[in-house]
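The values are calculated or read from the model by the stated rules, or taken from the named source; none is laboratory data. The structure presented is a predicted model; accordingly, all values stated were derived computationally and were not measured. Glycine also receives a Cβ, built like all others from the backbone with ideal geometry; neighbour counts cover every protein chain displayed. For the accessible areas, the whole protein counts, side chains as well, though only heavy atoms, and no ligand, DNA or RNA atoms are used. Shrake-Rupley method; radii C 1.70, N 1.55, O 1.52, S 1.80 Å.
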Amino acid sequence: MQDLKAILEALIFVSDTPVPFQRLRGLLPEWDEGIIRESLKSLVEDYRSREGGLYVAEVSGGYQIRSRESVREWVRRFRKERPFTLSRAALETLAIIAYRQPVVKAEIDVIRGVDSSGTLRNLLEKNLVRVAGRKDIPGKPIIYATTARFLELFHLRDLSELPTLRDWKDMTAP
Amino acid sequence: MTGYEIRLNIFEGPLDLLLYLIRKNEVDIYDIPIAVITEQYFQHLDRMSTLNLDIASDYLVMASTLLHIKSRMLLPVHETRENGETEEDPRMDLARQLLEYETFKKAALAMDTMPLLHRDVFPRGASPISEPAPERELVREITVFELVEAFRDVLGRWKEGDGMEVNRETLSVTDRIQEILELLNRKGSFTFKELLENAQDRTRVIYTFLALLELIKLRIVKAFQAGPYETIRIRPGVSHAGSQGHS
């Protein structure tokens, strides 16, 4: 049991991207699925209770070791690069796509009241949004949806983890 | 300078501006005082054109929608259908649109507070997110405002009587464009301050600024900034053109 947890930790550590559960399971045929799940849960808990600089994030259907938000200032100093940011236009467009997907550009434009072509291109370039096909109406407009990368960046296990729109609505205006 | 002191709110579009006006006036979104809001909306468009900012057509479409609603509000309400149903308030469509936009605006702001990878939390290794992308974004969305601010900054520091007036130089934007291009050829890039502080008088500062805006519009040069309030750098618009031409 203890061995398995050490193996899992090492596998997650050496990966550049979140490691999906299925991948871990495939690598560890010696153990039962239930035991692997339990060990993962215990590993996540170990990091949480240790309150160190790292934690195990469960994102986009996988596991990833990340530095904590509380130490971001120093990590940024070390990284030297400008922290990743999204403009308000990008965030608005992304929010519409995340909640309304699959969605066509015309719907996004109507909600925002402005043309979103540039922003949309930018989101596609950043791989936060993908082309999910074409809508079967005249003109066959492109349908957009969010990507796994989106979940990864916004710290979401899956789309159901997004707070409901009602939650946002009830927020007082900033 | 106080004559045209402008507080710039950067709006994401006409809906954002309208929402701002509605919240500022503390009025009910379902009962918008259309005359007041329309007037203020037009005032904002005026201010934007004072700055010579291109007013996106989206703003003009909304302006005509507002005028249309305003004119419909002046008409007497009459019962249209045989079942006695009255016509819907012409403001309802707009109210619904505004509320929907506001919901997503809030969602966007809330999403921005979530722990974001490569901003708040970090994985191992280098960031795979390409660096030039956000830079280009800044250039596209902020530079005109920032440039105007920086320009006013430089102008504000000119005191009358700084130096003597000898012969009034005949200036033209074309000449200034030539000079900027020469400077660019020589140095590869330069800062906004360098450019304007070399100009010896106020007229020259203004012409230089106009020339710079023209060059940016023509995409011959680009203005870069690492972050808000940081140094603005001017570089050739097409980054590889120089190296290809020479080597």
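Pairs meeting the criteria (first residue in segment B:102-121 and at negative phi, second residue surrounded by fewer than 19 Cβ atoms within 10 Å (Cβ to Cβ) and among the acidic types (Asp, Glu), beta carbons under 6 Å, at least 6 apart or on different chains) are B:Pro115/A:Glu69; B:Asp120/A:Glu69; B:Val121/A:Glu69.
Considered as a group, the residues in segment A:135-158 that are more than 14 Å from every other protein chain (Cβ to nearest Cβ), in contact (Cβ under 8 Å) with a residue 40 or more places away in the chain and not acidic (Asp, Glu) include one that is surrounded by the most Cβ atoms within 10 Å (Cβ to Cβ), and that residue is A:Tyr144. So which residues in segment A:114-129 are over 20 Å from B:His118 (Cβ atoms), open to solvent by 30 Å² or more (accessible area, probe 1.4 Å) and in contact with a Lys or Arg (Cβ under 8 Å, 6 or more places away or on another chain)? A:Ser117 - this is the single residue of segment A:114-129 that is over 20 Å from B:His118 (Cβ atoms), open to solvent by 30 Å² or more (accessible area, probe 1.4 Å) and in contact with a Lys or Arg (Cβ under 8 Å, 6 or more places away or on another chain). Here B:Met92, B:Met73, B:Met62 are screened, and the one residue that is at the interface with chain A (Cβ under 8 Å from one of its Cβ atoms) and either at pLDDT 80 or above or open to solvent by 20 Å² or more (accessible area, probe 1.4 Å) (or both) is B:Met62. Listed by position, the helices (runs of 4 or more DSSP H) contained in segment A:1-107 that have at least 3 residues being within 14 Å of chain B (Cβ to nearest Cβ) are A:2-14, A:72-79, A:88-100.
Taking the conditions (1) open to solvent by less than 70 Å² (accessible area, probe 1.4 Å); (2) within 26 Å of B:Asp112 (Cβ to Cβ) in turn, A:Ser42 satisfies each one other than (2).
Residue by residue, here is whether (1) modelled with pLDDT of 90 or more; (2) surrounded by 19 or more Cβ atoms within 10 Å (Cβ to Cβ); (3) of a type in the set (Lys, Arg) holds:
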site: A:Ala89; (1), (2), (3): yes, yes, no
site: A:Ile108; (1), (2), (3): yes, yes, no
site: A:Ala132; (1), (2), (3): yes, no, no
site: A:Pro174; (1), (2), (3): no, no, no
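Taking the listed residues A:Ser49, A:Ser60, A:Ser39, A:Ser15, the one that is within 25 Å of A:Ala148 (Cα to Cα), over 21 Å from the mean Cα position of the chain (by Cα) and among the polar types (S, T, N, Q) is A:Ser39, with no other qualifying. Against the conditions (1) open to solvent by 30 Å² or more (accessible area, probe 1.4 Å); (2) more than 18 Å from the chain's Cα centre (by Cα); (3) under 14 Å from B:Leu147 (Cβ atoms); (4) at pLDDT below 80, B:Val238 satisfies every one except (3).
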